[in-house]
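Comments concern the structure below.
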Amino acid sequence: MRNYLKLTHKRSAQIVPSLMILPYVCFMFFCGIIPIGYGILEVRNPSWVNMDGGPETFIKVLQDFRVGPALINVFFLILIFVPLMAVTVLSISLLLDAIDLRGNALLRLLFLIPALIPTGVAVLFWVSVVGPEVVWDHSNIRWFIGSIAFSTGIGSWIVIQYGSLRSIPPEVLEAGIIDGCNRFQLAIRLKLPMISKYVAYMVILLIVSALQIFNEPNLLMFTNMTTDWSLSQIAFSYAFKAADFAGSSALSIMMLIPNIILALLFVFFTDFIKKSKNS
Amino acid sequence: MKPIKQDRNSSLIKITLWIMAFFTSIPFLWLMKDAGRMIFSPIIYYDNGIFFVWLKNTSIFVGSALLISVLTCVTAGFVMAVLDVPFRRFLLFSTLVTMLIPITAMAMPLYVLIDRIHLNNTLLGLILASSYFPFGAFLSYLYYSSVLPQELVGMGRIDGLTDFGIYRHLGIPLSKSLISIVTFFSFVGLWNSYQLPRVLLIDPSRSVMSIGIEVFYGQGTTLIGIMMLIPSVLLYLASQKTIARGIFSGAMKG
């Protein structure tokens, strides 16, 4: 009886916190869980690629002749530009953190500004800089799209990684200096390991953003070379050009699978949940 | 000898950073080179002044989604860090997982859902689809975990504060720097968002500026680019002190 009363009291005490978090949970379901579930259900319907509907749609969209080249394009970005972006962001953030705060506010702003320029303007800038003959050359288009993603992508990550470096308790760094670390050793042996989970977070999101790339190739469609250049564009074209929602949902959900696996690995291999248990 | 060597290293780092900053800010310098001869007329008179419709739509969309996302995620972060809520670990787990799924990855599934509930091609549909900001909830959770220790919450309870009272009298007064940083990240994401508006707003008369920019390629680009840059820069300047103090403070203790 006492246990029952205790439980009832606990439940009533949880009503207000539950109500406070309810709007956030509603959005979590509306923007995350429900669309994925609905997308899976949508695949049951007959579609342009699979007249009978059902799970075969997943295989049929993979057999689409546009998927292979699009996969090569996104893997190119993942292999070349993701490591380049991660190294650049970490180098700049560590250098910013290594010098006095005075004067580096302007530097941080200069690094951030390209990230604040809308992709539409950035695309035009790059077209003007390299000249139309370079853009119209088919062999350059992957490098071109990668460069735009690099230019617009690193700024906000520099802010986040710099913010994570500034979160390292000063006493930890002082202990490193007492132990005889120079600035380079401090960066490599202390700072980088301490921000490793934020680095992992950045690398995962960079990979996922490359996998899902849409804006840059879509804004370059006037060249007629980037129609269906990426997987997201193919999913878009299923829905809007063929009115095939089942095909579009099937491709989008398959693109989410590596994303969800990486996210789960991140959560299980970092200590955020453990920390929450202790707090 | 050591301080001289350190000074030399600092100067070297600063020079390297300034050179890198110059290269990364080339797009901005390119934008500014035409600032002196910006022409307003192609933008103002294009398609009977549709620019002002896009400006109005952008203001409604960004203002509403920003307000909803900041309010919901700051409150959620507070609840997960401080209060006793059912399924707390599941909520935190889901926040971390969804934080790693960009909204662009959800664009097509969201489009299908929004189409089925007949909110396609409406600002309301776009606002609802853009208001979930798990990174903000995660930042809020870390922030409140560090600035609001359980002892302080316990003292508040002894003084007769309810759960909502703790939020109102302790959580909100402490949230100024948190709100500035969450607002900055949320605003930049919404203001420059391209894929979701592109998918959800097909009718040009209901579009927003980040999409409308495509039609001004040429003479109007500089003006639109600068117009879209200014609010983000101002917000960054307002929140940069928090960034310099460390946005993940509290997550690296012990």
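Rule-based calculations on the coordinates, nothing more; no lab input. As the structure is a prediction and not an experimental result, all values here were calculated from the model. A quick note on method: Cβ atoms are made from the backbone with ideal geometry, for glycine too, and the neighbour counts reach across all protein chains shown.
Placing one identical point scatterer on every Cα of the stretch B:106-254 and ignoring solvent, what is log10 I(q)/I(0) from the Debye formula at q = 0.08 Å⁻¹?
Once normalised to I(0) and log-transformed, intensities are -0.35.
If you place +1 on the Cβ of every Lys and Arg and -1 on the Cβ of every Asp and Glu, how big does the dipole about the Cα centre of chain A come out, in debye to the nearest 20?
1280
Can you pull the mean other chain C-beta count within 10 Å for peptide A:163-170?
Neighbouring Cβ atoms belonging to other protein chains average 6 per residue here.
Going toward the positive end of the dipole of the stretch A:76-226, with +1 on Lys and Arg Cβ and -1 on Asp and Glu Cβ, which of A:ILE80, A:ASN104, A:ILE195 do you reach last?
It is A:ILE195.
Using a 10 Å cut-off on Cβ to Cβ distances, tally the other chain neighbours for every residue of A:179-192 and report the average as a whole number.
Whole-number average of other-chain Cβ neighbours for A:179-192 is 1.
What percent does the relative contact order of chain A come to when contacts are Cα pairs within less than 8 Å and at least six residues apart?
Worked out over chain A, it gives 28 percent.
Can you work out D for the stretch B:41-161 in µm² s⁻¹ from Stokes-Einstein, where Rh is the Kirkwood radius over C-alpha pairs, the temperature is 10 °C and the viscosity is 1.306 mPa s?
Value of D from the Cα-based Kirkwood radius: 93 µm²/s.
Just checking the output field for B:224-233: average partner chain Cβ neighbours within 10 Å of each residue's Cβ?
4
Could you work out how far apart the two model spin labels at A:VAL87 and A:ALA200 are, taking each label as a point 7 Å from the Cα in the direction of the beta carbon, and quote it in nm?
Label-label distance for A:VAL87 and A:ALA200, simple model: 2.3 nm.
Which value, in Å to one decimal place, does the Kirkwood hydrodynamic radius take for the stretch B:83-152 when every pair of different Cα atoms is included?
The answer is 14.2 Å.
By the scheme Lys and Arg +1, Asp and Glu -1, what is the net charge of all other residues having a beta-carbon under 14 Å from that of A:VAL159?
+3
Only loop residues by DSSP count here, and only those with at most 13 other Cβ atoms within 10 Å; note down the trypsin sites (Lys or Arg not before Pro) in the stretch A:70-178 that meet that.
Loop-located and lightly packed - A:ARG102.
How big is the C-alpha Rg of the protein assembly as shown next to the rule-of-thumb value 2.2 N^0.38 Å, as a ratio?
Dividing the Cα radius of gyration by 2.2 N^0.38 Å gives 1.01.
Which distance in Å, rounded to a whole number, links the C-alpha centroids of the stretch B:119-162 and the stretch A:150-224?
25
Once the Cβ-Cβ distance between B:LEU12 and A:ALA175 is put in as r, and R0 is 30 Å, what FRET efficiency do you end up with, to the nearest 0.05?
0.75
Determine how many Å³ per residue the convex hull of the Cα atoms of chain B encloses.
181
What span do the alpha-carbon atoms of the stretch A:76-226 cover on each of the three principal axes, reported in whole Å from largest to smallest?
Computed over the Cα atoms, the extents are 60, 30, 19 Å.
Going down the table (A:LYS241/B:LYS56; A:LYS60/A:LYS197; B:LYS33/B:LYS176; A:LYS197/A:LYS241; A:LYS60/B:LYS56), which pairs top 32 Å between alpha carbons?
In this structure, A:LYS60/A:LYS197; B:LYS33/B:LYS176; A:LYS197/A:LYS241; A:LYS60/B:LYS56 lie more than 32 Å apart at Cα.
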